[in-house]
């Protein structure tokens, strides 16, 4: 089977700090052939990359507003040269529109992916009202016409079904995560060295957040909660790992409150950060399913997380972590509860590790994604 993917993820063109390329190599191995048309800015043009005999990435090298047209032209040319069996899009918006055009012109079965929470989400609409309302209109055009839809949580599936999508055509699949690699114990010497490099005292409890500070992550809430935690537990330190270059004001506020910003952490180094932490903390307003929650639990670290749409897909409240209301007080109270009861925190971390190693097995996850493309063929009457 040959799958043609439309993506906005420029890391597919080479990002040594993540495992995106590795994951797509695994998809290609299961599918047969995977061809990806990916956004890339015109200001930093790149050439196509042949990552394997069965995996090639083609950059659009265009301005964001022109991406749909550029991606459509590149994808149509590639399909004519090497016909695809299925087109998959990594969002229901710009990429979804390209997929719909390809389906209309060539009759290609269409799989649309939605990796966050968009429908019926006032927080998302409020972030950029004009743009996001326009995107919502595009999604309402694309989603009902897709042969299959992939979402990350059962809650999101329920929203799509309420909007008239056939439940048999909606697949709930998180992004495959190499959970076993996070479960491998990091040596005490390495953890001690990391603690020293971060400037954290040997007996200080560590709170951790990992990610990119998009508006949906609501890192301001986490900072407010951390200030409350420090009033009660002054030795606690919060480490926020990620690219904060575009948020200098937030970094200054955080540093004044004692937050440590190590920058973006290489993928292979994340296990040490998770295993150093006493508690992993997440403060998002909304998400599909945050992979960092799976990674933290795989490392045996208990989680405190605001109860957004995808959180309960990962965290079992009271067993592997605590889900809280979306307030600084609720988040701080849950953090303090685990800091004050290390035995309970360790038990939650151990339970969470057992749970995610079973439920989010990497190989099964990769197989399930490949199966959605075969299901797309069947449901479109092509197999």
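Numbers at a glance
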item	result
Among (1) 1.01; (2) 0.91; (3) 1.25, the entry derived from the coordinates for Cα Rg over 2.2 N^0.38 Å	(1)
Gaussian network model of the chain, springs between alpha carbon atoms under 10 Å - residue of 136, 178, 193 with greatest fluctuation	193
Between 0 and 90°, nearest 10: helix 362-379 axis offset from the chain longest Cα axis	30 degrees
The range 1-58: relative contact order as a whole-number percent, Cα under 8 Å and 6+ apart	40 percent
Ranked packing of 32-40, 311-319, most packed first, by mean Cβ within 10 Å	32-40, 311-319
Contact order normalised by residue count of the chain, Cα under 8 Å, 6+ apart, percent	16 percent
Proxy reagent accessibility, fewest Cβ within 10 Å first, across 289, 172, 229	172, 229, 289
Whether the range 179-359 is rounded, prolate or oblate, judged on the alpha carbon gyration tensor where a/c under 1.5 counts as rounded	rounded
Helix 94-106 axis, angle to the chain major axis (alpha carbon atoms, nearest 10°)	20 degrees
Helix-only mean residue ellipticity at 222 nm for the chain, each DSSP H run of n ≥ 4 adding -39500 (n - 2.57), per residue, nearest 500	-13500 deg cm²/dmol
Fewest-first ranking of 26, 329, using other Cβ atoms within 10 Å as the exposure measure	329, 26
The range 179-359 - percent relative contact order, Cα under 8 Å, separation 6 or more	25 percent
Tilt relative to the chain, helix 129-142 - C-alpha long axis, 0 to 90 degrees, to 10	50 degrees
Residue exposure sequence - 89, 20 - by fewest surrounding Cβ within 10 Å	20, 89
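No lab work stands behind these numbers, since they all come straight from the coordinates. If you're wondering where the values come from, they're calculated on a predicted model, not measured in any experiment. Cβ: placed from backbone, ideal geometry, glycine included. Neighbour counts: every protein chain shown.
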